[in-house]
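The values are calculated or read from the model by the stated rules, or taken from the named source; none is laboratory data. This is a predicted model, so every value here is computed, not measured. Positions of Cβ are generated from backbone atoms using ideal geometry, with glycine treated the same way; all protein chains shown enter the neighbour counts. Ligands, DNA and RNA are excluded from the accessible area calculation, which covers all protein heavy atoms including side chains. Shrake-Rupley method; radii C 1.70, N 1.55, O 1.52, S 1.80 Å.
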Amino acid sequence: MAKIDHYFTLLVERGGSDLHLSEGQPPKIRVHGAITPLEGEEVLTHDFMHSILEEICESQAWEQYLESGDLDFAYEMDEQSRFRCNYLKQKNGLAAVFRLIPTKIASLEQLGVPEIIKSFGHLRSGLVLVTGPTGSGKSTTLAALIDYINVNMSRHIVTVEEPIEFVHSNKNSIITQREVPIQTPTFSDGLRAALREDADIVLVGEMRDLETISLALTAAETGLLVFGTLHTNNARKTVDRLVDVFPADQQGQVRTMLGASLKGVVAQLLMKRCDKPGRVAVNEILVSTPAVSAIIREGATQKLYDVIIGGKQHGMQFMDESIWSKLREGIVSPLEAYMKAIDKTRFKKFLPEDQKELGNATGGGLDDQ
């Protein structure tokens, strides 16, 4: 048993999601969104941090971390407990953040995400993006969608991840999981190779550079179904981000490709529940229609707002509508709804009097997020 397993065991016992270890600080955990120190634990010294971090890390990766100051990998404590590990250096020395990865993949029904997300699993080709800030459950939603395909269809699914989080076993589909940089050097290398691996579906863990995004668009155009993630808050920003990565002289062509290949965007946020401990996902959904394709080709992404609002019959949903339904059901508090909403003026009237000053301080425009 590794020395660090002591902290992982406490994290699991207390229902936490993340463990923070930082030289010169006591260990801390995140439970339901809030970070608190682990009671009764000592401040972490340099020598102790060095020993516990090195113990669970491959020697080559450890050397890489000492040289570059950053490292991502996965660690399995036991069959029930797997962690995404991020090593970093900070002004006081060594540090690391560990995210608990559930070993049991939740279903789309258990996650409570909109039914339309299932339909993206039935597509034969195109690009589907799951977006949201760090820690918004993008990987969890994608894992549920991949599992739905795995159970219900016979496909070859290739995933390119850094690191591999959810481990899938073959059911009706074949799943090939590749980790960056262990089994493939980069996301773009893994995606390029997938084109030669008789894949039907490719999941790209992160679309973070021009080469990966360009390859994803090409793969989607040539008949693969590509799932990817981006750190954007809504559908409009997602389209803009994809286009803006490219040089100005290529953006017209990229808009044409994106208009043809983008099949859907699922933007996701996690909100703190007020009815019981835990968090709940809220989603904005964009589904490709001829109108959406035309808007993307024109570069008039500001029109997507109206298309989403008017596209309920296609399964579309605006983020504020999802937040509104959770507020109406008593699942989230008025303050939580206000803080996460895009059009804050709609939610301000529900704030208790003593919180309205906070509302004034945070503004109320459509461009707040």
Keeping all protein chains in the complex and leaving out DNA, RNA and ligands, what accessible area do you get for Leu230 with a 1.4 Å probe, in Å² to the nearest 10? 10
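Can you tell me, using C-alpha contacts under 8 Å and at least 6 residues apart, the relative contact order of the chain as a whole percent? Don't jump to the answer; show the numbers that get you there.
Working: 670 pairs, mean separation 44.2, N = 369.
Relative contact order, the chain: 12 percent.
Can you put Lys312, Lys272, Lys340 in order of accessible area, largest first, using a 1.4 Å probe?
Result of the area sort, largest leading: Lys312, Lys272, Lys340.
If I compute solvent accessible area with a 1.4 Å probe over the protein chains, what percent of it on the chain is carbon and sulfur?
Values: 8350 of 16910 Å².
Roughly 49 percent of what the probe reaches on the chain is carbon or sulfur.
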Answer in debye to the nearest 20: the dipole magnitude of the range 244-301 about its Cα centre, from +1 Lys/Arg and -1 Asp/Glu charges placed on Cβ, is 400
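Pairs of alpha-carbon atoms within less than 8 angstrom and 6+ residues apart define the contacts here; what relative contact order does the range 248-291 have, in percent?
Details: 38 pairs, mean separation 15.3, N = 44.
Relative contact order of the range 248-291: 35 percent.
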Compare Ile182, Ile117 by solvent-accessible area with a 1.4 Å probe and give them largest first, with all protein chains kept in place. Ile182, Ile117
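Please compute the alpha carbon radius of gyration of the chain, then divide it by the globular-protein estimate 2.2 N^0.38 Å. Two decimals is fine. List each step's numbers first, then the result.
Values: Rg = 21.5 Å, N = 369, 2.2 N^0.38 = 20.8 Å.
Its radius of gyration relative to the 2.2 N^0.38 Å reference: 1.03.
Can you give the helix-only mean residue ellipticity at 222 nm for the chain, where every DSSP H stretch with n ≥ 4 adds -39500 (n - 2.57) and the sum goes over all residues, rounded to the nearest 500 deg cm²/dmol? Before the final figure, lay out the partial values.
On the way: 16 runs with 138 residues, N = 369.
Calculated at 222 nm, the ellipticity per residue is -10500 deg cm²/dmol.
Can you figure out the FRET efficiency of Arg297 with Thr36, using R₀ = 30 Å and their beta-carbon distance, to the nearest 0.05?
Numbers: r = 49 Å, r/R0 = 1.65.
Using R0 = 30 Å, I get an efficiency of 0.05.
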Residue of Ser17, Ser139, Ser68 that the Gaussian network model of the chain assigns the largest fluctuation, springs spanning Cα pairs under 10 Å: Ser68
When every alpha-carbon pair in the range 1-60 is counted, what percent end up more than 14 Å apart? 56
Across bins of 10 angstrom width beginning at 0, how are the C-alpha pair distances of the range 1-105 distributed, in whole percent? 15, 51, 31, 3
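In debye, nearest 20, what is the charge dipole magnitude of the chain about its Cα centre with +1 on Lys and Arg Cβ and -1 on Asp and Glu Cβ, if you could check?
Working: 39 positive and 50 negative charges, 316 e Å.
In debye, rounded to 20, the chain gives about 1520.
Counting only heavy atoms of protein chains, what accessible area per residue, in Å², does the range 14-154 have with a probe of 1.4 Å? Numbers along the way, then the final one.
Working: 6710 Å² over 141 residues.
I get 48 Å² per residue for this part.
Just how many % of Cα pairs in the range 46-89 lie over 15 Å apart, if you round to the nearest whole percent?
On the way: 394 of 946 pairs.
Tail of P(r) above 15 Å: 42 percent of Cα pairs.
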With all protein chains present and a 1.4 Å probe, the order of His231, His50, His168 from largest accessible area down is His231, His50, His168
Starting from the range 1-61, pick out the GluC sites (Glu not before Pro) whose DSSP state is loop and whose Cβ has at most 16 other Cβ atoms within 10 Å. Glu39, Glu41, Glu42, Glu58
May I ask you to give the solvent-accessible area per residue for the range 222-347, in square angstrom, as obtained with a 1.4 angstrom probe? 41
